[in-house]
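I have placed the structure first, in the form of structure tokens, so that the comments after it can refer back to it.
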4 protein chains.
Amino acid sequence: MNNWGEALKISIFGESHGKAVGIVIDGIVPGFAPDMEEVGRELARRAPGQSGLTTSRREDDTVEIVSGLFEGRTTGAPLCCMIRNTNTRSSDYQRHLARPGHADYTAHIKYKGFSDYRGGGHFSGRLTAPLVFAGALAKQLLPGVNFKAKPELIGGVSPDDETILNAKAENDSVGGIISCVITGLPAGLGEPFFSSTESRLSSILFSVPAVKGVEFDNGFALAGMRGSESNKTNFGILGGITTGKPLNFRVAVKPTPSIGQEQNTIELTTGEPAKITISGRHDPCIVPRAVPVIEAAAAIGILDLWIAGKFPFIFD
Amino acid sequence: MNNWGEALKISIFGESHGKAVGIVIDGIVPGFAPDMEEVGRELARRAPGQSGLTTSRREDDTVEIVSGLFEGRTTGAPLCCMIRNTNTRSSDYQRHLARPGHADYTAHIKYKGFSDYRGGGHFSGRLTAPLVFAGALAKQLLPGVNFKAKPELIGGVSPDDETILNAKAENDSVGGIISCVITGLPAGLGEPFFSSTESRLSSILFSVPAVKGVEFDNGFALAGMRGSESNKTNFGILGGITTGKPLNFRVAVKPTPSIGQEQNTIELTTGEPAKITISGRHDPCIVPRAVPVIEAAAAIGILDLWIAGKFPFIFD
Amino acid sequence: MNNWGEALKISIFGESHGKAVGIVIDGIVPGFAPDMEEVGRELARRAPGQSGLTTSRREDDTVEIVSGLFEGRTTGAPLCCMIRNTNTRSSDYQRHLARPGHADYTAHIKYKGFSDYRGGGHFSGRLTAPLVFAGALAKQLLPGVNFKAKPELIGGVSPDDETILNAKAENDSVGGIISCVITGLPAGLGEPFFSSTESRLSSILFSVPAVKGVEFDNGFALAGMRGSESNKTNFGILGGITTGKPLNFRVAVKPTPSIGQEQNTIELTTGEPAKITISGRHDPCIVPRAVPVIEAAAAIGILDLWIAGKFPFIFD
Amino acid sequence: MNNWGEALKISIFGESHGKAVGIVIDGIVPGFAPDMEEVGRELARRAPGQSGLTTSRREDDTVEIVSGLFEGRTTGAPLCCMIRNTNTRSSDYQRHLARPGHADYTAHIKYKGFSDYRGGGHFSGRLTAPLVFAGALAKQLLPGVNFKAKPELIGGVSPDDETILNAKAENDSVGGIISCVITGLPAGLGEPFFSSTESRLSSILFSVPAVKGVEFDNGFALAGMRGSESNKTNFGILGGITTGKPLNFRVAVKPTPSIGQEQNTIELTTGEPAKITISGRHDPCIVPRAVPVIEAAAAIGILDLWIAGKFPFIFD
């Protein structure tokens, strides 16, 4: 289902080439005056068309706040935000050819051929725009908490190596690893077991398209240590609950599946083998644009635990 | 909160050194006759005291099914299972010293000094016994689906290297990486975004104490590939939805925090630095016993998606 | 929270005098082609301005389906519907005077003075328009199930007595009792206890503003019978589960609180006693317009149980 | 499903003639020392065998708290309570004859013949014992809030008329109406729409077997008033949110379906008409024993809203 959250409830909707994408956010305290310019800056970080490293496609992420805001402040009622789709070229998409590495095949199976195939439809990375919107609010709501993500590796090497341009030149793409550190967290967020900080954050982080791995506190490296060494880690989370120390996590992002090379695929209605060459404007690497999305997802996740844990909000 | 599941609802309870641990499972189809001997074998895989590689502490995991079973078959009403605690030595635990790498400190903060500290209380790995029970039922309920986990690396090396014995000899411990493959899954399980197969499985996998990393479809390795290569992966999940191919995932397990060496810690009530030497019988490596727990968590996660997706059950 | 549903998830948003009201509906099967003219007829039944018995205020309930529909059919992704607010006269509302019988006082307390006070804001009956939209879809989705509500008593007498006009002439209002019968239900919907058909339906029926009583199967009359008589009732629900017989229920609707007479109230910021005379265009009786809302709420409730119970959908 | 609650989560299990009935309660603040004698008194109010007006069957409601309590105080972890079934006479029940007015038929349909039929199994009023347990804790947790229910009408007349004895003498039964007043509530509990105080309370009140009607603030009588009169009501709830004034509600309880007279029924496996004479020890009127159950359900409901609204707890 397209709902997430225990104490803060978000509900996303929309398709890449439909009318709009959006989100309903329920559970925000009344009286909060969001800085909409800051929200705009966060959305701009995610927007395409910023450099040669990302797609030249432009998205006009003009946000309309439909409800929940009155005289510039939250009312306590659900906040609905809509972002209209404007710059779409549906003709770039072929209905019956499953793009490799995309959800086309699984969506076709699950939705019995009725899903909106254009640009990935509801599965599109475009749906992360409303997440960034919600994350921008969450960041502003959390007093003294800071979310800082950055690309750690791109295509297996340093982000400074410009491996993206090489891939782009070869009509190919690369993935990468994003690390994120959250500072300013109090001790005591989260619960044991099913609402552990790791469980809740991972569930929203894995909701971000292309994320295929998540670790906390250097998880995979920890697994190779001895206890005497691992116990000296400055854990951000112990027993599912935050320690009050910085919380580090890392996500693995797979390469953009849309590449300009001819690929083997299947025809969805017949199941027959076919060839596909994906045209259109695609990111040779989604990692730079995923950075603010990861921060946003983390901020939403922390805000949910914050509200559930009855931690205070301070704003004028 | 201690509840998990959208279509299948589980609710765990209990403490390591309290009366019992247990689970309530709601949403199981009526008419299913569980093979209790098979359930017992699964619990035995998790039980301590099986070899020199695990703790010599014995747990008598005698399961009492309190409700939901009538004449050997599920009734459709909630199934409650209790496992009494018998072989406990609470004197091994010191109330006011936080064991490094454990939840003692965070539990103290969160529960304001009222949590049951003995053996980790509600945070104990003992709570995974009811999870294994539920997972054993889930496995039996899922026709043709097979869950096979195994240690892939222990202490950073092959599980065959007996690195556990070296660590044990030095009053130390090691962690490891468990890989799991799920075969026999239909295409179409899961949802986009928040109920993606990755989101739902990771949320229950990260509920298992000591798990600090989860990847699907070789996630972190994928992040270093080019799209042209990554697209050739036999993905078990695309767009959050199963493809019908085998689903591979990996979890990182941190080393057992309880080690026999003297360690630095703090006194919980005063915050003063202190020394702690943990006595008692502890696993030098939790990985072998975590293997059936990981399978169980995955089976519960898949069963939840299975029911939500209205996939059929077949049993006589 | 503004979310409802176990298997079908709805999320409402909006304010009476804000930009729009709307709803996100998640969990609708793909491939369903809603009859939008029929949806429009349902909305028209709820719309004001239809006769002298209701307010002369017009609402232009033009529905925009923002997502979840592609080529006229549901895709399986969330369906978001928005209804813009157009014909609003906010000047009719005085910010600091609590209208008796309305939510003004409680909203002021709960939302610390930040709620949108205009026309009741998020508490407005205007929010039932999206409910009617969702209910119209639910009715079409449920094969062979029929929802038929009607006013049973208005102001304590027969709806034919035109007691509404008398009340209107005296700047007063009346409430009433709506009875509803649902036919065509299969046996087996609902669960014991917390998801009983009564629990689920009552929770959505009491969500409708002004509803203050709900009974099933002539509940309050049953309470005066002997068992030998009551057992002969054609119960629509037994043990929380539908019997397959017609399901009768009744709701009590309180009189419209907005009346043209001068009333005593308090000033919200000071708590001082005050006088209020409510101007504006208000229904002398909300019951006629509540009839389609009650049907809609019931249809949403039944659809949720229907999906949860895995009952089939049939549409071309 | 057998789970209830947004902020407080309860999960009930058990059958009338199985091993036990019980409840898991999650979300209770740590450090609370329940008065177990008071809990016992509440359970005793619900227990059968107290007078000639209730069944002579005895239930030994010995409560075992399995988890969540340490050194007499709540730990913050889930509290599981079990009540063993001891005094059961399963031979009183005939497997294939649906008792009129009971859930036997609907349970048979829903659970495909696999439900535990003995004494109503999971549908039994016996399941209200764990509810009373949870309610007793809830009452103690809520500072200054008082729940006072009483029979208002029994068999349509004053409870003082001893109509129960007349019905009993004729092998018949009677129902009744219970009124309840909650005092000491703060203003601001509850939400608009789906989590309105009425929605949440009604959903748990209708979970109590035999409850077929619920009204708040004299709901059905309000429906016959004019607005000018109704607006003068001391509403306990406006817009779904508590006003801080006493909250009055009423529930309709149908007559005990188990009566000693021969009745017409059907044979469940064949659907053939049959005669049934119910033996065993049954309440000629469930109303007196339902009084503490209604208080308990209301207390659980209010506690859930209390926690969600972040109202404070005060205990030594």
Open item on the list: Quick check on the range C:218-229. Is at least one of its residues touching a Gly at 6+ places or on another chain (Cβ under 8 Å), part of a loop (DSSP other than H, G, I, E, B), open to solvent by 30 Å² or more (accessible area, probe 1.4 Å) and of a type outside the set (D, E, K, R)?
Closed with: yes
TODO: Scan the range C:254-261 and give yes if some residue there is open to solvent by less than 20 Å² (accessible area, probe 1.4 Å), closer than 30 Å to C:H108 by Cα and aliphatic (A, V, I, L, M), otherwise no.
DONE: yes
- [ ] Output the residue which, of all residues in the range B:76-129 that are buried (at least 19 other Cβ atoms within 10 Å of the Cβ) and among the acidic types (D, E), is farthest from B:G22 (Cα to Cα).
- [x] B:D104
Open item on the list: Checking the condition surrounded by 24 or more Cβ atoms within 10 Å (Cβ to Cβ) and touching a strand residue (DSSP E or B) at 6+ places or on another chain (Cβ under 9 Å), which residue from A:I276, A:I237 passes?
Closed with: A:I237
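Residues to consider are B:V174, B:V132, B:V208; find the one that is within 29 Å of B:S16 (Cβ to Cβ) and at the interface with chain A (Cβ under 7 Å from one of its Cβ atoms). Step through it out loud before you land on a result.
Values: B:V132 fails: at the interface with chain A (Cβ under 7 Å from one of its Cβ atoms); B:V208 fails: at the interface with chain A (Cβ under 7 Å from one of its Cβ atoms).
On inspection, the qualifying residue turns out to be B:V174.
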Task: Residues satisfying the stated conditions in the range D:110-123, i.e. touching a Lys or Arg at 6+ places or on another chain (Cβ under 9 Å) and either of a type in the set (F, W, Y) or outside any helix (DSSP H, G or I) (or both) - done: D:F114, D:Y117
Task: Options B:R281, B:R289; residue that is more than 10 Å from chain A (Cβ to nearest Cβ), within 30 Å of B:S90 (Cα to Cα) and modelled with pLDDT of 95 or more - done: B:R289
Open item on the list: So, in the range B:216-235, exactly how many residues are out of contact with any helix residue (DSSP H, G or I) (no Cβ under 8 Å at 6 or more places or on another chain), farther than 12 Å from A:A210 by Cβ and touching a residue at least 12 places away in the same chain (Cβ under 8 Å)?
Closed with: 2
- [ ] Would you check if D:R46 is of a type in the set (D, E, K, R), in contact with a Lys or Arg (Cβ under 7 Å, 6 or more places away or on another chain) and either open to solvent by less than 40 Å² (accessible area, probe 1.4 Å) or at pLDDT 95 or above (or both)?
- [x] yes
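Collect the residues in the range B:130-143 that are among the aliphatic types (A, V, I, L, M) and either at pLDDT below 95 or crowded, with 24+ Cβ neighbours inside 10 Å (or both), keeping them in residue-number order.
Listed by number, the residues that qualify are B:L131, B:V132, B:A134, B:A136, B:L137, B:A138.
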Open item on the list: Report every pair of residues separated by at least 6 positions or lying on different chains whose Cβ atoms are under 9 Å apart, first residue within the range A:189-215 and closer than 15 Å to A:I307 by Cβ, second at pLDDT below 95 and open to solvent by less than 10 Å² (accessible area, probe 1.4 Å).
Closed with: A:E191/B:N2; A:S195/B:N2
Open item on the list: One residue is enough: does the range B:155-165 have a residue meeting the conditions touching a strand residue (DSSP E or B) at 6+ places or on another chain (Cβ under 6 Å) and within 7 Å of another protein chain (Cβ to nearest Cβ)?
Closed with: yes
- [ ] Take the range B:240-295 and flag every residue that is within 26 Å of B:G135 (Cα to Cα) and charged (D, E, K, R).
- [x] B:K245, B:R250, B:K254, B:D283, B:R289, B:E295
Open item on the list: Taking the conditions exactly as written (of a type in the set (D, E), more than 8 Å from every other protein chain (Cβ to nearest Cβ), out of contact with any helix residue (DSSP H, G or I) (no Cβ under 8 Å at 6 or more places or on another chain) and closer than 27 Å to C:L53 by Cα), does C:E272 satisfy them or not?
Closed with: no
Task: Failed condition for A:D161, given (1) farther than 30 Å from B:D104 by Cα; (2) at pLDDT 95 or above - done: (2)
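Does the range B:240-253 hold any residues that are out of contact with any strand residue (DSSP E or B) (no Cβ under 8 Å at 6 or more places or on another chain) and either of a type outside the set (G, A, S) or surrounded by fewer than 24 Cβ atoms within 10 Å (Cβ to Cβ) (or both), and which are they?
Correct list: B:K245 only.
Within the range A:256-263, does at least one residue satisfy the condition of being assigned to a strand (DSSP E or B), touching a Pro at 6+ places or on another chain (Cβ under 7 Å) and either facing chain B (nearest Cβ under 10 Å) or farther than 29 Å from A:V214 by Cα (or both)?
As a first pass, look at the range A:256-263 and keep what is assigned to a strand (DSSP E or B): A:262-263.
Pick out the ones that are also touching a Pro at 6+ places or on another chain (Cβ under 7 Å) and you get A:263.
Adding the requirement that they be either facing chain B (nearest Cβ under 10 Å) or farther than 29 Å from A:V214 by Cα (or both) leaves A:263.
Yes, the range A:256-263 contains at least one residue that is assigned to a strand (DSSP E or B), touching a Pro at 6+ places or on another chain (Cβ under 7 Å) and either facing chain B (nearest Cβ under 10 Å) or farther than 29 Å from A:V214 by Cα (or both).
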Task: Subset of the range C:144-186 [outside any loop (DSSP other than H, G, I, E, B), among the polar types (S, T, N, Q) and either free of Cβ contacts under 8 Å to residues at least 12 places away in the same chain or buried (at least 20 other Cβ atoms within 10 Å of the Cβ) (or both)] - done: C:T163, C:N166
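Restricting to the range C:273-301, count the residues that are small (G, A, S) and within 20 Å of the chain's Cα centre (by Cα). Lay out the reasoning, then the answer.
To start, the set of residues in the range C:273-301 that are small (G, A, S) comprises C:274, C:279-280, C:290, C:296-299, C:301.
Right, trim to within 20 Å of the chain's Cα centre (by Cα) and you get C:290, C:296-299, C:301.
Residues flagged as small (G, A, S) and within 20 Å of the chain's Cα centre (by Cα) within the range C:273-301 amount to 6.
Taking C:G76 as the residue in question, decide whether it is under 16 Å from the mean Cα position of the chain (by Cα) and within 13 Å of chain A (Cβ to nearest Cβ). Step through it out loud before you land on a result.
Details: under 16 Å from the mean Cα position of the chain (by Cα): no; within 13 Å of chain A (Cβ to nearest Cβ): yes.
When the stated conditions are applied, C:G76 does not pass them.
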- [ ] Output the residue which, of all residues in the range D:9-42 that are within 16 Å of D:N87 (Cα to Cα) and more than 9 Å from chain B (Cβ to nearest Cβ), is farthest from the chain's Cα centre (by Cα).
- [x] D:H17
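So for the range A:61-80 (the condition being over 30 Å from C:S124 (Cα atoms) and either touching a residue at least 60 places away in the same chain (Cβ under 8 Å) or not polar (S, T, N, Q) (or both)), does at least one residue qualify?
If we filter the range A:61-80 for residues that are over 30 Å from C:S124 (Cα atoms), which is where we start, we get A:61.
From the residues that got through so far, the ones that are either touching a residue at least 60 places away in the same chain (Cβ under 8 Å) or not polar (S, T, N, Q) (or both) too are A:61.
Yes: one or more hits.
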Task: Selection status of D:S207, assigned to a loop (DSSP other than H, G, I, E, B) and open to solvent by less than 10 Å² (accessible area, probe 1.4 Å) - done: yes
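The values are calculated or read from the model by the stated rules, or taken from the named source; none is laboratory data. Everything quoted here is computed from the prediction, not taken from an experiment. Neighbour counts are summed over all protein chains in view; Cβ atoms, including those assigned to glycine, are modelled from backbone coordinates with ideal geometry. In case anyone asks, the SASA skips ligands and DNA or RNA and just uses the protein heavy atoms, side chains included. Shrake-Rupley method; radii C 1.70, N 1.55, O 1.52, S 1.80 Å.
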